[in-house]
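Chemist: Supplied in structure tokens, the structure appears directly below.
The numbers here are math on the coordinates, done by the rules we state, and not lab data. Because the structure is predicted, anything quoted here is derived from the model rather than measured. Neighbour counts run over all protein chains shown; Cβ positions are idealised from the backbone, glycine included.
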Number of protein chains: 2
Amino acid sequence: MPQTPLFDRIALIGIGLIGSSLARVLRREGLAGHVVACARRAETLEAARRLGLADDYTDDPAGAVAGADLVVLGTPLGAYGALAETIAPHLAPGAIVTDVGSVKVAAIEAIAPHMPKGVHFVPGHPVAGTERSGPEAGFDSLFDGRWCILTPPPGTDADAVERVAEMWRRAGMTIEIMEATHHDRVLAITSHLPHLIAYTIVGTVADLEQATQREVVKYAASGFRDFTRIAASDPVMWRDIFLANREPVLEMLGRFSEDLARLQRAVRWGEGDVLADLFTRTREIRRGVIEAKQA
Amino acid sequence: MPQTPLFDRIALIGIGLIGSSLARVLRREGLAGHVVACARRAETLEAARRLGLADDYTDDPAGAVAGADLVVLGTPLGAYGALAETIAPHLAPGAIVTDVGSVKVAAIEAIAPHMPKGVHFVPGHPVAGTERSGPEAGFDSLFDGRWCILTPPPGTDADAVERVAEMWRRAGMTIEIMEATHHDRVLAITSHLPHLIAYTIVGTVADLEQATQREVVKYAASGFRDFTRIAASDPVMWRDIFLANREPVLEMLGRFSEDLARLQRAVRWGEGDVLADLFTRTREIRRGVIEAKQA
């Protein structure tokens, strides 16, 4: 049964891992009459074209959003403000603008002030990803069984929220609505701090003398490996996340550092019971993750 | 072509993830005329029996090693000293004793002094594992393509080293010989510190209020998930590793903490270039891990 597309014309601004995966979903599900892919770099556009991800390709955001009833911002967070300012005069009345950024308070602060009256901004965060980046890294099952968090400020048009939600549902996601500040605190511990720690330990290894470094790589399967995977994520995207979510990240990092100092002390003083107690408690959390089918 | 077994009688003391995986390899490869599985706990022995991992089952280490030409210690490190003392009088002349512990200096200190003249102790560390533990968690391909590090002290019988090496080769491993102190330093950063950090951050989450904790579990796929997996490893085994490898772990932890403090400062002061530089350098290490086929 052929379905009416959810949107007539969708502009994807940024066509990396998330944008290109969404493009694949749009095609698979027939969600858009027409899709425009917009990227700043020629190589990215060329790759998107080669993969046949959209109907049109452009490096001009203003042209991309003209006539679109949905605009999806999928660039690093640091580009949001200038981008919102650039596209604002070209947005069609009634258009919906959404984003996929990992920090929501900063996204709203960067985008909302530029939005013309009658344009609906629905901040969003599909919580899915891999350590790979770029249009070639995308795949249409990336969002399957994952959560999509929407953080519409009070007064956001309910119909606009529902249309964005429906798009992500068709991508296989389950929708959660929450406040932007709460989102940023939860993601600080569940995603941002793990990345910061992984980047740190891999950096610690990168500073070891060459001979030891080679050995660490050789025996990476004993634990280090998982950290290198996380620390292979896109550098610019992650720089922007930490800059944009500074306070929640610093707060969680403070808690972590205190806990690490306590464990360091337990190792130094041979307090085996402190170690074994903690190591037993952490198994419970793992069980929770497995039960929540997020393992 | 039927092969002569490498050993007539092998005693596996401890039949957890490593011991039970080795038992499966011994059977698959026909490496032993007779295998005795020894465990302290009745449930473990019962599980081993149900799985048909050995020819004999006992909770008496002294009886298990009697007449064995190879004894493999696969218990947590903290049990080594008492165990070595218990089995020493019952070891056959010319027998080889090896272990699978993750810390080698402490293993040698605990075991070597008890070894009778004419018994050969070959300290070993098959660098392989999963976060699961117990006899049911084992599987015969666990060691495939991984490294086995042997750290024989100067003067160790070369033939004994070679026979232990051959057993692990038949399990699919590649052998490295290195000094125990060097092993402990490399493993401190590649394995022990990653585990300590993973345990810490999962513990930090376990201390959050229940509501936030539930959400962290829900969105675990965004990074936290990998840490919960690592932090699900066996508590007693890991307690013993940290107690046994204290100095190298504290040294690497010191480096890590300094690096984390520097990153914390970069986040606080919005030093985006410091962050992006590090995040770019860490990608190189990931490339190394992939090229070394340890990803």
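Chemist: When a/c reaches 1.5 or more, the comparison of a/b and b/c decides; with that in mind, is the range B:182-291 rounded, prolate or oblate per its Cα gyration tensor?
Modeler: The shape class here is oblate.
Chemist: Another one. Amide H of A:Ile96: which non-local residues (sequence gap of 5 or more, or other chain) have their own amide H closer than 5 Å, using H built in the peptide plane?
Modeler: Amide H neighbours of A:Ile96, under 5 Å, 5+ apart: A:Leu70, A:Val71, A:His120.
Chemist: Taking H as built 1.01 Å from N, whose amide H comes closer than 5 Å to the amide H of A:Tyr57, not counting residues under 5 places away?
Modeler: A:Ala37
Chemist: Using only Cα atoms, tell me the angle between helix A:193-206 and the longest principal axis of chain A; keep it within 0 to 90° and round to the nearest 10.
Modeler: The angle comes out near 60 degrees.
Chemist: GNM, chain B, Cα, under 10 Å: largest mean-square fluctuation among B:Gly94, B:Gly223, B:Gly67?
Modeler: Highest fluctuation among the options: B:Gly223.
Chemist: Follow-up question, since we're still on this one. Residues with beta-carbon under 13 Å from that of A:Cys38, excluding A:Cys38: net charge, scoring Lys, Arg +1 and Asp, Glu -1?
Modeler: 0
Chemist: Let me ask you something else. Taking every DSSP beta bridge with both residues inside chain A, roughly what % is antiparallel (nearest 5)?
Modeler: Bridges in chain A that DSSP calls antiparallel: roughly 15 percent.
Chemist: Here is a follow-up. Can you list, shortest first in nanometers, how far B:Pro93 lies from the same residue in the other copies, with each label 7 Å from Cα toward Cβ?
Modeler: 10.4
Chemist: Here is a further query. Chain B: which residue's Cβ hugs the B-to-A rotation axis most tightly, distance rounded to whole Å?
Modeler: It is B:Asp226, 2, counting Cβ atoms only.
Chemist: Would you mind telling me the antiparallel percentage of the DSSP bridges in the protein assembly as shown, rounded to 5?
Modeler: Bridges in the protein assembly as shown are about 15 percent antiparallel.
Chemist: Which of the aspartates and glutamates could a cross-linker bridge to A:Lys293, judged by Cα under 19 Å and excluding same-chain residues fewer than eight apart?
Modeler: Cross-link targets: A:Asp144, A:Glu176, A:Glu284, B:Glu131, B:Glu215, B:Asp226.
Chemist: To continue, here is another question. Tell me the distances, shortest first, between B:Arg40 and the same position across the other copies, using label points 7 Å along Cα→Cβ, in nm to one decimal.
Modeler: For B:Arg40, the inter-copy label distances come out at 5.9 nm.
Chemist: A further question follows. What list of ³J(HN,Hα) values in whole Hz, one per residue of the range B:109-116 in order, does the Karplus curve 6.51 cos²θ - 1.76 cosθ + 1.60 (θ = phi - 60°) give from phi, with Gly and Pro shown as x?
Modeler: Per-residue couplings from phi come out as 4, 7, 9, 3, x, 8, 6, x Hz.
Chemist: When chain A is treated as a GNM, springs tying every alpha-carbon pair under 10 Å, which of A:Phe227, A:Phe139, A:Phe279 comes out with the largest mean-square fluctuation?
Modeler: It is A:Phe279.
Chemist: Suppose only helical runs count, i.e. DSSP H with n ≥ 4. What mean residue ellipticity at 222 nm does that imply for chain B under -39500 (n - 2.57) per run, divided by all residues and rounded to the nearest 500 deg cm²/dmol?
Modeler: Calculated from helices alone, the mean residue ellipticity at 222 nm is -15500 deg cm²/dmol.
Chemist: Taking the alpha-carbon distance from B:Lys117 and a cut-off under 22 Å, which lysines remain once sequence neighbours fewer than 8 residues away in the same chain are dropped?
Modeler: Hits, sequence-local ones excluded: B:Lys104.
Chemist: I would also like to ask the following. Normalised by the number of residues in chain A, what is the relative contact order in percent for Cα pairs under 8 Å and 6+ residues apart?
Modeler: After rounding, I find 16 percent.
Chemist: Measuring from a point 7 Å out along Cα→Cβ, what nm distances, shortest first, does A:Gln213 have to its partners in the other copies?
Modeler: Spelled out, the distances from A:Gln213's label point are 4.1 nm.
Chemist: On to the next question. Using amide H atoms built 1.01 Å from N in the peptide plane, name the residues 5+ places from A:Trp147, or on other chains, whose amide H lies under 5 Å from its own.
Modeler: Result for A:Trp147 returns A:Val127, A:Thr174.
Chemist: Can you work out ³J(HN,Hα) from phi for every residue in the range B:63-78, in order, using Karplus 6.51 cos²θ - 1.76 cosθ + 1.60 and θ = phi - 60°, giving whole Hz and x for Gly and Pro?
Modeler: Calculated HN-Hα couplings, in order: x, 4, 7, 4, x, 7, 8, 9, 10, 10, 8, x, 9, x, 4, x Hz.
Chemist: For helix A:158-170, report the angle its Cα long axis makes with the longest principal axis of the Cα atoms of chain A; keep it between 0 and 90° and round to the nearest 10°.
Modeler: Here the helix axis deviates by roughly 60 degrees.
Chemist: If I build a Gaussian network model for chain B, linking alpha-carbon pairs within less than 10 angstrom, which residue out of B:Asp273, B:Asp140, B:Asp234 has the largest mean-square fluctuation?
Modeler: Among B:Asp273, B:Asp140, B:Asp234, the largest mean-square fluctuation in the Gaussian network model of chain B belongs to B:Asp273.
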